[in-house]
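In what follows, a single structure is set out as structure tokens and then discussed.
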Amino acid sequence: MVERRLPFGCGRAPTMAVIAGAVMLIANSMQAQAMMQPPGMTSSASGVSRWVYRVADGTAGGAPSSFADLADKVVPAVIGVAAKVTANRKSLPGRSFGFGAPDEEDGSEHAIPMPDAPGRERTPGMSQQVTIGSGFFISPDGYAVTNSHVVGNSDTAEIRTNDGKTYSAKVIGRDAVSDLALIKAEGRNDFGFAKLADQPPRVGDWVLAAGNSFGLGGSVAAGIVSARERNIETASAQDFLQLDAAINKGDSGGPSFDTHGDVVGVNSMIFSPSGGSVGVAFAIPADTVKTVISQLKEKGAVTRGWMGAKLQSVTPDLADSLGVSNLQGALVADVQGDGPAAKAGLASGDVITSANGASIKNAAALVRNIRGMAPGSSVQLDLLRKGKQSSVSVTLGQMPDQQLSAPAGIQK
């Protein structure tokens, strides 16, 4: 027999060392766990599972096991909306919710060309289409909210409720700046309706988006709030909720609900390279909806303050070129000759840093501020002019109708 000699340190002694090391490891783990565990929790050598506790307690605010009860509650308030619009296809903005082939930029929801009626004169370059989108009732007597681009320039619309019934509706008012419209269905006073949320959602909150996806009928999709106060300068000077729910073409104007069943936003547009959902959708916040819809109901239109200046945000590079570090605000790129800004003495190159004492972060913030004020009111602007501090008072005018053109949606 050949005797195998092991190097020094191997054999039974190392085995005991391993055992001792394991004991020390367990002891150290128990000591570390005792330091980590919450007050009142005790460790037990007989139950290793008791050493571990969950950092995030899934029993509080976790994911719902089902959205079925919420869907049952809110879906009766959701409607499909269809309207006949007359438009120049080439002049329509390329909204990301356009229905059709992914490369079709017709600017409508579900755009269906309509044949000319016998005897009707056809305007060159114009066509009649049916647009299909979504909406929701906000009162039992038939008032409903949808997107402005869904009803287009039509004075009437047709709605389909969740039970498959159709009703005619009148367009009470539309606002292209916010992309909101108010319509009223006729024939009943007991429609199921939804309430606009009083508090904005938090990033990470669950939402249930409902609408008329691809014109197929009522559908829902769950997701979360991905971001708040998302500004998309190519769309309009307003903040959006960003959602990751599967919102698709045909869902424009539909509501997104919180887990209490209140509407936190009106779905308006998506980012998409293909025309389908990629999980980046934008909704008009409920507080904006309240402000706009109340004016549409009262007077059929929204009046906004107007300054008559083209603005751009101050970037770090622009601030460096002006020789001022950490500068924020809105640079006046141009002023309209007969506008309020020109009359007040604003000039190209001025950097507006505050309005009525409130700091201005960027151009979009200033535009929102001005549009939120009534025509005829005055706004005190602090500004930087040729390296020196200055201020002007501007008496606002009313935004001209041509300024109310539909914002260009996010391109496909």
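The values are calculated or read from the model by the stated rules, or taken from the named source; none is laboratory data. All values derive from a computational prediction rather than experimental measurement. In this analysis, Cβ positions are derived from the backbone assuming ideal geometry, glycine residues included, and neighbour counts consider all displayed protein chains.
Within segment 197-215, can you find the residues that are surrounded by fewer than 21 Cβ atoms within 10 Å (Cβ to Cβ) and not in a helix (DSSP H, G or I)? Don't jump to the end; show me each part of the working.
As a first pass, look at segment 197-215 and keep what is surrounded by fewer than 21 Cβ atoms within 10 Å (Cβ to Cβ): 198-200, 202-206, 214-215.
Those that are surrounded by fewer than 21 Cβ atoms within 10 Å (Cβ to Cβ) and not in a helix (DSSP H, G or I): Asp198, Gln199, Pro200, Arg202, Val203, Gly204, Asp205, Trp206.
So that you can scan it fast, the table gives a plain yes or no per residue for (1) more than 14 Å from Gly349 (Cβ to Cβ); (2) in a loop (DSSP other than H, G, I, E, B); (3) among the β-branched types (Val, Ile, Thr):
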{"position": "Ala283", "(1), (2), (3)": "yes, no, no"}
{"position": "Asp287", "(1), (2), (3)": "yes, no, no"}
{"position": "Lys290", "(1), (2), (3)": "yes, no, no"}
{"position": "Gln295", "(1), (2), (3)": "yes, no, no"}
{"position": "Val302", "(1), (2), (3)": "yes, yes, yes"}
{"position": "Lys310", "(1), (2), (3)": "no, no, no"}
{"position": "Asp317", "(1), (2), (3)": "yes, no, no"}
{"position": "Gly323", "(1), (2), (3)": "no, yes, no"}
{"position": "Asn326", "(1), (2), (3)": "yes, yes, no"}
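Quick one: count up the residues across segment 328-351 that are surrounded by fewer than 17 Cβ atoms within 10 Å (Cβ to Cβ) and assigned to a helix (DSSP H, G or I).
Residues that pass the stated criteria total 1.
To keep it simple, each residue is scored yes or no on (1) polar (S, T, N, Q); (2) in contact (Cβ under 8 Å) with a residue 60 or more places away in the chain; (3) in a strand (DSSP E or B).
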{"position": "Ile172", "(1), (2), (3)": "no, yes, yes"}
{"position": "Ile183", "(1), (2), (3)": "no, yes, yes"}
{"position": "Asn189", "(1), (2), (3)": "yes, no, no"}
{"position": "Ala194", "(1), (2), (3)": "no, yes, no"}
{"position": "Ser226", "(1), (2), (3)": "yes, no, yes"}
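With the condition kept exactly as written, say whether any residue in segment 116-131 is aliphatic (A, V, I, L, M) and at pLDDT 95 or above. Don't jump to the end; show me each part of the working.
Taking segment 116-131 first, the residues aliphatic (A, V, I, L, M) are 117, 126, 130.
Among the residues that remain, those that are also at pLDDT 95 or above are: none.
So far as segment 116-131 goes, no, none of its residues is aliphatic (A, V, I, L, M) and at pLDDT 95 or above.
Could we say that Ala364 is in a loop (DSSP other than H, G, I, E, B) and modelled with pLDDT under 90 here? Lay out the reasoning, then the answer.
Details: in a loop (DSSP other than H, G, I, E, B): no; modelled with pLDDT under 90: yes.
When the stated conditions are applied, Ala364 does not pass them.
If you scan segment 241-279, which residues turn out to be among the hydrophobic types (A, V, I, L, M, F, W, C), over 21 Å from Val151 (Cα atoms) and either part of a strand (DSSP E or B) or at pLDDT 90 or above (or both)? Even if it seems obvious, please write down each step before you answer.
Going through segment 241-279, the residues among the hydrophobic types (A, V, I, L, M, F, W, C) turn out to be 241, 243, 245-247, 257, 263-264, 266, 269-271, 278.
Next cut, over 21 Å from Val151 (Cα atoms) only: 241, 243, 245-246, 257, 264, 271, 278.
Listed by number, the residues that qualify are Leu241, Leu243, Ala245, Ala246, Phe257, Val264.
Of the conditions (1) part of a helix (DSSP H, G or I); (2) modelled with pLDDT of 90 or more; (3) farther than 30 Å from Ser66 by Cβ, Ser354 fails just one. Which one is it?
Against the list (1) part of a helix (DSSP H, G or I); (2) modelled with pLDDT of 90 or more; (3) farther than 30 Å from Ser66 by Cβ, Ser354 comes up short only on (1).
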